[in-house]
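Values quoted throughout were computed directly from the atomic coordinates according to the rules given, and no laboratory measurement underlies them. Since we're looking at a predicted model, the values are computed, not measured. Reconstructed Cβ throughout: ideal geometry from the backbone, glycine too, with neighbour counts over all protein chains shown.
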Amino acid sequence: MHLHHQAGIAKMSCLILFLMMVSWATAQDDRQQIQNIREASNQALQSYDHEKVLSFLTDDALTTVSNGTLLSGKEALRKFILAAGNNKMYWIRTPVTVEINQRLGLAWENGAWKGYDPEKGKDPVVGGNYAAMWTKASGQWLIKSQLFVALE
């Protein structure tokens with residue numbers, strides 16, 4: 001009986017270890033997906049592909065731009081972008097942290113952002129920190145909320 005009990009504990013320990021490894025691998029996969037989307041978003045921003053940029057957001061996404069203005073929804077952000085007219089500014093976001101909560105289908109990303117104006121040279125003209133809340137409610141990672149603070 002004692003040997004049977006030890007075998008059961010060993011099997012349970014192996015199962016727990018396996019589930020932990022699967023969970024870690026899935027979190028790593030989710031983290032990589034978000035990083036890939038962020039890279040695609042940066043490329044879209046740099047090429048002024050506004051519709052592609054907007055495709056990475058939920059319809060009800062909240063965006064707080066660097067001057068503190070809160071834009072409620074993807075359409076409000078679209079109007080904000082269009083109001084800039086022929087402005088050639090673009091932004092690059094560089095993630096520092098991406099944390100995943102698989103159970104809730106949420107992620108936290110934070111990092112630094114830089115704003116570039118090609119008409120003024122290759123160096124950034126503005127920058128700061130950002131944070132983004134991601135959701136996987138639709139089955140794919142999308143930005144639900146984002147905050148940009150100008151610090152440079």
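The translational diffusion coefficient of the stretch 79-139, from Stokes-Einstein at 25 °C and 0.890 mPa s with a Kirkwood hydrodynamic radius over alpha carbon pairs, comes to 179 µm²/s. For the stretch 57-152, the relative contact order works out to 28 percent when only alpha carbon pairs closer than 8 Å and six or more residues apart are counted.
Using the Cβ of residue 95 as centre and a radius below 10 Å, the other residues enclosed give a net charge of +1, where K and R count +1 and D and E count -1. Between residue 43 and residue 75, the modelled labels are 3.1 nm apart [label points 7 Å from Cα along Cα→Cβ]. Evaluated on the stretch 23-85, the Kirkwood hydrodynamic radius is 13.0 Å, with distances taken between all distinct Cα atoms. Using the Cβ of residue 46 as centre and a radius below 13 Å, the other residues enclosed give a net charge of +3, where K and R count +1 and D and E count -1.
Rounded to the nearest 0.05, what FRET efficiency is calculated for residue 96 and residue 137 with R0 set to 30 Å and r the Cβ-Cβ distance?
0.75
Between residue 32 and residue 86, the FRET efficiency from the beta-carbon distance, with R0 = 30 Å, is close to 0.25. Highest mean first, the peptides 43-50, 55-62, 77-84, 118-125 sorted by other C-beta atoms within 10 Å per residue fall in the order 55-62, 43-50, 77-84, 118-125.
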